[in-house]
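First up is the structure itself, then whatever we jot down about it.
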Amino acid sequence: MKVEQISIFIENKSGRLAEITRILGDSGINIRALSLADTTDFGILRLIVNDVETAKTVLKEKGFTVSKTEVVALEVPDRPGGLSSLLQTLDDNQINVEYMYAFVERCGGNAVIIFRFDETDKAIGTLKDSGFTILEGERLYTL
Amino acid sequence: MYYNEEFETLPRPALEALQLKRLRSMLERVYANVPFYRDSLNTAGITPDKIKSLDDLQRLPFTTKQNMRDSYPYGLFAAPMEEIVRIHASSGTTGKPTVVGYTHKDIEIWSELMARSFVSAGAHKGDIIHNAYGYGLFTGGLGAHYGAEKLGASVIPISGGNTKRQIMIMQDFGSTVLTCTPSYSLFMAEEAKAEGVDFKKLKLRVGIFGAEPWSEAMRCEIEEKLGLTAIDIYGLSEIMGPGVAIECIEAKRGLHIWEDHFIPEIINPETGQRVAEGERGELVITTITKQGIPLVRYRTRDITSITYEPCICGRTHARITRMSGRSDDMLIIRGVNVFPSQIESILVGIEGVEPHYLLVVDRNENLDTLEVQVEVNELLFSDEVKVLQRLAKRIEKEIKDMLGVTCSAKLVEPKTIQRSEGKARRVIDNRKL
């Protein structure tokens, strides 16, 4: 039910993103989804990749600080109001979203939203009970 | 102009005879009352009665800041607590401050030496002295305050901070003399400009600046921007506070050290041996009239040189040159003494923080800035921005709480701070002094 995401600490200086994507590319790792949180001094790059362990290893070898986090991927219909009902359900159940990012599936026409909750298991239970589709990690990595 | 003409212009032979007499009397007092000095003199095999000339001073052991820390808080006091009327302190390297105590007589002497310093800088009775040195445990505020009162000037005890109000008061009260750190004076000038106030139209005539290192270039800038004569003053709480030495307005070349109360020596910080007149070295001071906490050959760690050449102002007291650095790694940031080791001990106290750090000191808009760079390892890292921001805030707060200095914590990638086989480079000081 959970998806593994890797997060990488990057200083706010030129060429860091290029460096990370080059390392991953050289190791044959495909990036499925990404989001970048930025502040004035640093950024956190969050990635969903097709091979989490290899990605983590190669980036650590190059001196990056990398961590693995469990996130939840949800499928929502790609139409107006699709996300709204999902967020309303979370709010009704007092589930906090730490952050989220989205992309649109290549086939099937649904949007995929990656969520980081403060209480992951509670969120999964609530969303399943409410009938939302939670994507398995395997499916996402190979999408 | 002198405050105490007799003593300020005492011919050197008489001055040196007075120094020897006072040195012996002080040594007798510490030998009798301070176990630390009794032990250290006994170990060195010298007793006060064996001091026959000022040259014999070289036979005495040094006193260091570490000795003061080891005897925290009152161990080096030579007078009983019933006679101590004031206690000041300065920051120390382990979070414990260095404590000094003053008797009534100490305060009186300090006030006189500060009054002499004011006159040396061109101030006089009738001046309105805007005292923006901090009041509190720091000696700057009260030291200048008592001297101003002793002189008979009107003192405004404004202390530091609240710059807009400072400018309003300087304008409305007609301040003629400004006392503060040199960097703060320039900061005030910038603020005034932003407020539409022309500093040069204020009545300020003289500025007495100290408590942090500055340069001739900075003097030119201050004199130009503030429209006043800028005078360098030197002091440290261990010895007394402000007013240990000051430039005279007549020459503005070197700071007269009040030799009837302090004996200065310049040593090679490596060997501990005296260097020749005019050569650079570490300033060592022996206080010869202090009662509360007299110090024998105190190593100030400040680098300067000394000259005994007569000065055009007529004072016979030796002059030390502007401080050009430190023989240890102490930083002075906005007048606050900071040792990198203090920051290190705060950082390693925070779980997960590694002892790899870099301090970047700069001067922005005339105010010192301190950036503390810390590497983000896996223990500290989080995928959430707020967690990392909280870490940076915590570092900033702990440093502020412990050392009283504002800094900005910058999180950097691992292994980006230079490792070194020998002495790691922990400080980059970009200030152009």
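Throughout, read-outs are computed from the coordinates displayed, never taken from laboratory work. Quantities reported herein were computed from a predicted structural model and do not represent experimental measurements. Counting neighbours? That spans all protein chains shown, and the Cβs are built from the backbone with ideal geometry, glycine included.
The antiparallel fraction among DSSP beta bridges confined to the protein assembly as shown stands at about 75%. Give me the percent relative contact order of chain B, please, defined on Cα pairs under 8 angstrom at least 6 residues apart. With pairs under 8 Å counted, the relative contact order is 14 percent. Taking each of B:LYS105/B:LYS201; B:LYS393/B:LYS415; B:LYS201/B:LYS252; A:LYS2/B:LYS410; B:LYS125/B:LYS432; A:LYS60/B:LYS432 in turn, the alpha-carbon distance tops 29 angstrom for B:LYS105/B:LYS201; A:LYS2/B:LYS410; B:LYS125/B:LYS432; A:LYS60/B:LYS432. Taking a ≥ b ≥ c as the square roots of the eigenvalues of the alpha-carbon gyration tensor, chain B is classed oblate because a/c is 1.5 or more while a/b is no larger than b/c. Shape class of the range B:92-169 from the Cα gyration tensor (axes a ≥ b ≥ c, square roots of the eigenvalues): oblate, since a/c reaches 1.5 or more and a/b does not exceed b/c. Pairs of C-alpha atoms in the range A:3-69 farther apart than 20 Å represent 17 percent of all such pairs.
Considering helices alone, the calculated mean residue ellipticity of chain A at 222 nm is -9500 deg cm²/dmol, with DSSP H runs of length four and up weighted by -39500 (n - 2.57) and normalised per residue.
Could you tell me the distance between the Cα centroids of the range A:35-63 and the range B:253-292, to the nearest Å? If we compute the Cα centre of each part, the gap is 57 Å. Expressed as a rounded percentage, what relative contact order does the range B:274-433 have, with Cα pairs under 8 Å and six or more residues apart? Normalised by residue count, the contact order of the range B:274-433 is 17 percent. Could you check what % of the DSSP bridge pairs in chain B are antiparallel, to the nearest 5? DSSP beta bridges in chain B are roughly 65 percent antiparallel. Here is the list for the range B:11-118: trypsin sites (Lys or Arg not before Pro) lying in DSSP coil, each with at most 10 other C-beta atoms within 10 angstrom of its C-beta, are B:LYS52.
If you add up the charges near B:SER53, with Lys and Arg at +1 and Asp and Glu at -1, over every other residue whose beta carbon is less than 15 angstrom from its beta carbon, what do you get? Result for the local shell: +3.
Over the protein assembly as shown, the Kirkwood radius and the radius of gyration, each from Cα atoms, give a ratio Rg/Rh of 1.13.
Inter-chain Cβ neighbour count for B:386-393, averaged per residue, equals 2 (cutoff 10 Å, partner chain atoms only). Centre-to-centre separation between the Cα atoms of the range A:87-143 and those of the range B:188-240: 62 Å. The alpha carbon centroids of the range B:5-25 and the range B:119-151 are separated by 26 Å. Dipole orientation for the protein assembly as shown: of the candidates B:ILE312, A:ALA18, A:THR69, B:ILE312 has the Cα lying most toward the positive pole (charges on Cβ; Lys, Arg +1; Asp, Glu -1).
Within chain A, which is the longest segment that contains none of the GluC sites (Glu not before Pro) sitting in a DSSP loop with at most 15 other Cβ atoms within 10 Å? Longest site-free region, per DSSP loop and neighbour criteria: A:1-104.
Counting Cβ atoms of other protein chains within 10 Å of each residue's Cβ and taking the mean over peptide A:55-66 gives 2.
Across the range B:165-244, C-alpha contacts under 8 Å between residues 6 or more apart give a mean separation that, scaled by the residue count, equals a relative contact order of 29 percent.
In the range B:332-429, what % of DSSP beta bridges are antiparallel (nearest 5)? The antiparallel proportion sits near 55 percent. Per residue of peptide B:371-383, the mean number of Cβ atoms on other chains within 10 Å of the residue Cβ is 4.
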